[in-house]
Amino acid sequence: MKHPLSGKALLFYLLAWAAIIVAHANILYYQLGFDFIYSVTDSLIYNISFLGFGLLYWYVVQYITPNNQGITATVLNQGLAVVIGVSFLTYLCNSFLASFGVDNPDVSAFLSMSIPWRIFLGTFFLGMIVLVYYLLQYTSSLKQKEKDEVELQHLLKNAELETLKFQLNPHFIFNSLNSISSLTLTNPEKAHEMVVKLSEFLRGSLGQKEAELHTLKDELAQMNRYLEIERIRFGDRLVLEEDINEGCYDRMVPNLILQPLYENAIKYGIYEQLESVKIFTRTYCTEEYLTILISNNYDSESTPQKGKGIGLKNVRNRLELIYGKSDLVTIKRERDNFTIELQIPQTQKRKDD
């Protein structure tokens, strides 16, 4: 970790010591009666030494930490190190000042008498510096932990989203291959066409693998590829209608979020009745939300198929993970009509912004 006293913090540190130097010199000159030269020299030698020692002591703080030695051992070791360091530095400063005032007995007497006070003040100043270092170290460690936690949550969220995608994609491919398998017996040409369409759909899906969001226009284009696959199989029984507000085309949606909804409409519409099934897609938008409604008619008197519920559940989970809201999917079941409504928050910038 780099030294915390840099930039504005270093300037504040130097200004604090400048104030101490001025106060020290004033006490010697005005209150104790020493001449101006000695007063300034004493203050500069003593305080500049501790100024530099305080800066260097950061590296001792890096070595003696509660994480390495525990709180009690750290306090004892730091206390001992501070007292020893201050005592040694005071001895060096006094030796130099004694040689400076060798012909003045008042200076020699003052230096001997002031040793306890110099050690006390030096210990106090250095102790405050050490305390500030530990506070800065703790703050930096706390910020790093928060940053790591956010990054971990982001990674977990991405991992969960990828897990949901991996659940959906094999599910869709399995159903498509079943459809192709049945067509190979009844209509090989349509089976071949369906394989080509499936290839185009998967190629487009793989192109969106890295991007979690894309525009509604891209999503609908990809869904058209999917629905073309199903239209090959079901022919005129599958009727598609839409009412898309052109102002919504550039709004952002999670990629492939609509595929499970169309698959659900086909499963519970076409498979459960002999009549044609109309799937109607409608969109409208505000600044805050894009609303998508997908509805289909169904036979309310038929026995519904039992499924694992992967599709709708994953749509809910994906939207909740991406947007942090659990109320973005609404299901409306009427007598002969089933509607799913998605509310997509527009928290991401659009492509033309």
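Listing for the model above:
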quantity	calculated
Cβ pairs under 8 Å, 6+ apart, first in region 311-338 and modelled with pLDDT of 85 or more and assigned to a helix (DSSP H, G or I), second β-branched (Val, Ile, Thr) and open to solvent by 80 Å² or more (accessible area, probe 1.4 Å)	Tyr323/Thr347
Qualifying positions in region 93-138 - under 26 Å from Leu5 (Cβ atoms), of a type in the set (Ser, Thr, Tyr) and without any contact (Cβ under 8 Å) to a residue 40 or more places away in the chain	Tyr138
Enumeration of residues in region 69-92 that are of a type outside the set (Ser, Thr, Tyr) and buried (at least 18 other Cβ atoms within 10 Å of the Cβ)	Gln78, Val82, Gly85, Val86, Leu89
Output for region 49-91, where each listed residue is out of contact with any Phe, Trp or Tyr (no Cβ under 7 Å at 6 or more places or on another chain) and of a type in the set (Val, Ile, Thr)	Val60, Ile64, Thr65, Ile71, Thr72, Thr74, Val75, Val82, Val83, Ile84, Val86, Thr90
All positions within region 221-260 that are closer than 22 Å to Ser176 by Cα, open to solvent by 30 Å² or more (accessible area, probe 1.4 Å) and free of Cβ contacts under 8 Å to residues at least 40 places away in the same chain	Ala221, Asn224, Arg225, Glu228, Arg231
Qualifying helices (runs of 4 or more DSSP H) (wholly inside region 1-68; at least 1 residues being open to solvent by less than 30 Å² (accessible area, probe 1.4 Å), in contact (Cβ under 8 Å) with a residue 60 or more places away in the chain and over 23 Å from Ala81 (Cα atoms))	36-56
Qualifying positions in region 339-350 - touching a helix residue (DSSP H, G or I) at 6+ places or on another chain (Cβ under 9 Å) and in a loop (DSSP other than H, G, I, E, B)	Thr347
Matching residues in region 113-153 - criterion: being modelled with pLDDT under 90, open to solvent by 70 Å² or more (accessible area, probe 1.4 Å) and not aliphatic (A, V, I, L, M)	Tyr138, Lys143, Gln144, Lys145, Glu146, Lys147, Asp148, Glu149, Glu151, Gln153
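This table checks each residue for (1) of a type outside the set (Asp, Glu); (2) assigned to a helix (DSSP H, G or I); (3) at pLDDT below 75.
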{"position": "Asn169", "(1), (2), (3)": "yes, yes, yes"}
{"position": "Phe172", "(1), (2), (3)": "yes, yes, yes"}
{"position": "Leu177", "(1), (2), (3)": "yes, yes, no"}
{"position": "Ile180", "(1), (2), (3)": "yes, yes, no"}
{"position": "Glu189", "(1), (2), (3)": "no, yes, no"}
{"position": "Val196", "(1), (2), (3)": "yes, yes, no"}
{"position": "Gly204", "(1), (2), (3)": "yes, yes, yes"}
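The values are calculated or read from the model by the stated rules, or taken from the named source; none is laboratory data. None of the values given here were measured: they were computed from a predicted structure. Please note: Cβ atoms are built from the backbone with ideal geometry, for glycine as well, and neighbour counts cover all protein chains shown. Heavy atoms of the whole protein, side chains included, go into the accessibility calculation; ligands, DNA and RNA do not. Shrake-Rupley method; radii C 1.70, N 1.55, O 1.52, S 1.80 Å.
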